[in-house]
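Student: Next up is a structure, given as structure tokens.
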Amino acid sequence: MSEITQSQGGAIDAADVARFSALAAEWWDPDGPFRPLHRINPCRLQFIRARAEEHFGLDAKSLHPLAGLRVADIGCGGGLLSEPLARLGARVTGVDASAEGIAAARLHAREVGLEIDYRHGTAEDLAAGGERFDMVVAMEIIEHVPDPQGFVTAAAASIAPGGLFLGATLNRTMKSLALAKVAAEYILRWVPAGTHDWRHFLKPSEFARLLRHAGLSVTCLQGMSYDIIHDRWTLGEDLDINYMIAAVKPSS
């Protein structure tokens, strides 16, 4: 496995990194502080798989539809998304600014017998290394970085010509303030208090503008909604709280 030297300065929010590092041992506890990510993962994978199959013309019936694709999972944490992407056949590189999170990801991958290239570092570090990936995913990470444009530009630089960017974040609406911030952190206790700063949530138009400025073309926006009756997340048209976005890098 390669190691990225974490860059200094504005690429990361040190307080956020410390917060997630302190919880690193609990990444794989489905009822722990990362329970919302465990619950939302099927939706994320559904979106990623559908966009990849559509863009690259992959076999939707295959057990390993992502076979042959190099995928970078930026902000991979403990590997909750990296592992299923690897099981779908992708050659995955997971990158995170938390050394403790990367250690937890490496340990779990070894325990389940998966080969994933986990690296401690940032999107900017990955771009500086000059590698290019068919697909870069950045799920629930952009709201935690101090320079969203710099982050997106670095992520775009790591995409091969004709490749795909897939991101997810929270919309900055009064609905998300009430439910994703106040209710989730202080009433339902789904995530630790202070996990999110609502002011850093991005409207879809803002995320799309960042991607365009980085030279990418937005191709899809899709919302995620929580079904409290069935305790599950579903994809849909409602972008008011959680949403995902896809963008393509020109072939030349």
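Student: Of the peptides 215-221, 82-88, how do they stack up when ordered by the mean number of other Cβ atoms within 10 Å, highest first?
Tutor: Details: 215-221: 16.0, 82-88: 22.1.
Highest-to-lowest ranking by the protection proxy: 82-88, 215-221.
Student: Please report, in debye to the nearest 20, how large the charge dipole of segment 14-248 is about its Cα centre when each Lys and Arg carries +1 at its beta carbon and each Asp and Glu carries -1 there.
Tutor: Details: 23 positive and 29 negative charges, 61 e Å.
It works out to roughly 300 debye.
Student: Also, I was wondering about something else. Quick check: pseudo-label points 7 Å beyond the Cα along Cα→Cβ at ASP197 and GLU53, how many nm apart are they?
Tutor: 4.0
Student: When a footprinting reagent is the concern and you count Cβ atoms within 10 Å, what order do LYS203, LYS249 take, fewest first?
Tutor: Details: LYS203 15, LYS249 22.
Sorted ascending by nearby Cβ count, the order is LYS203, LYS249.
Student: Using a Förster distance of 22 Å, how high is the FRET efficiency between ARG39 and SER205, based on the Cβ-Cβ distance and rounded to 0.05? The partial results should precede the final answer.
Tutor: Numbers: r = 27 Å, r/R0 = 1.24.
Calculated transfer efficiency: 0.20.
Student: Please list, in chain and number order, the residues 5+ apart from TYR243 or on another chain whose amide H is under 5 Å from its amide H, with Hs placed from the backbone.
Tutor: Those qualifying (amide H under 5 Å, at least 5 residues apart or on another chain) are THR169, ASN171, MET224.
Student: Out of all DSSP beta bridges in the chain, what portion is antiparallel? Express it as a percent rounded to 5.
Tutor: Values: 19 of 37 bridges.
If I count the DSSP bridges inside the chain, around 50 percent turn out antiparallel.
Student: Right, next: Ranking MET174, MET139 by Cβ neighbours within 10 Å, fewest first, what do you get?
Tutor: Working: MET174 9, MET139 23.
Listed from fewest to most nearby Cβ atoms, that is MET174, MET139.
Student: Collect residues whose amide H, placed 1.01 Å from N in the peptide plane, falls under 5 Å from the amide H of CYS220; neighbours closer than 5 in sequence don't count.
Tutor: ALA246
Student: Counting pairs of alpha carbon atoms under 8 Å apart in space and at least six apart in sequence, what relative contact order in percent does the chain give? Spell out each step's value before the answer.
Tutor: Numbers: 513 pairs, mean separation 49.7, N = 252.
In percent, rounded to a whole number, it is 20.
Student: Now for a different question. Mind sorting PHE133, PHE201, PHE151 by how few other Cβ atoms lie within 10 Å of their own Cβ, fewest first? All intermediate terms of the calculation are to be shown ahead of the outcome.
Tutor: Details: PHE133 24, PHE201 21, PHE151 27.
Ordered by Cβ neighbours within 10 Å, fewest first: PHE201, PHE133, PHE151.
Student: Find how many whole Å separate the alpha carbon centroid of segment 79-120 from the alpha carbon centroid of segment 227-252.
Tutor: Computed from Cα coordinates, the inter-centre distance equals 23 Å.
Student: Work out how much length HIS213 to HIS230 would gain on full extension: take 0.36 nm times their residue separation and subtract the Cα-Cα distance, in nm to one decimal.
Tutor: Values: separation 17, 0.36 × 17 = 6.12 nm, distance 3.96 nm.
Taking HIS213 through HIS230 to full extension adds about 2.2 nm, to one decimal.
Student: For GLU131 and ALA178, what is the calculated FRET efficiency with R₀ set at 45 Å and r taken between the beta-carbons, to the nearest 0.05? Intermediate results must be reported in sequence, preceding the final value.
Tutor: Numbers: r = 41 Å, r/R0 = 0.91.
Calculated transfer efficiency: 0.65.
Student: May I have the count of lysine pairs in the chain with C-alpha atoms under 30 Å apart, counting pairs 8 or more residues apart or located on different chains? Present the calculation step by step, with values, prior to reporting the outcome.
Tutor: On the way: LYS61/LYS249; LYS175/LYS203; LYS181/LYS203; LYS203/LYS249.
Lysine pairs meeting the criterion: 4.
Student: Expressed as a fraction of 2.2 N^0.38 Å, the rule-of-thumb size for a compact globular protein of N residues, what is the C-alpha radius of gyration of segment 78-121? Write out the running numbers ahead of the final one.
Tutor: Numbers: Rg = 9.3 Å, N = 44, 2.2 N^0.38 = 9.3 Å.
Scaled against compact globular proteins, the figure is 1.00.
Student: Counting only helical runs of four or more DSSP H residues, what would the 222 nm mean residue ellipticity of the chain come to if each run contributes -39,500 (n - 2.57) and the total is spread over all its residues?
Tutor: Numbers: 7 runs with 77 residues, N = 252.
Computed ellipticity for the chain at 222 nm equals -9000 deg cm²/dmol.
Student: Can you tell me how much longer the chain between ARG87 and LEU221 gets when fully stretched, taken as 0.36 nm per residue apart minus their C-alpha distance, in nm with one decimal? Show your work: numbers first, answer last.
Tutor: Numbers: separation 134, 0.36 × 134 = 48.24 nm, distance 2.52 nm.
Full extension of this stretch gives 45.7 nm more.
Student: Equivalent ellipsoid semi-axes for the chain, as square roots of 5 times the alpha carbon gyration tensor eigenvalues: give them largest first, rounded to whole Å. Mind showing how you got there, number by number?
Tutor: Numbers: eigenvalues 115, 88, 77 Å².
Sorted largest first and rounded, they come to 24, 21, 20 Å.
Values quoted throughout were computed directly from the atomic coordinates according to the rules given, and no laboratory measurement underlies them. Since the structure is predicted, the reported quantities are computational estimates derived from the model, not experimental observations. For neighbour counting, all protein chains shown are included, and Cβ atoms are generated from backbone atoms with ideal geometry for every residue, glycine included.
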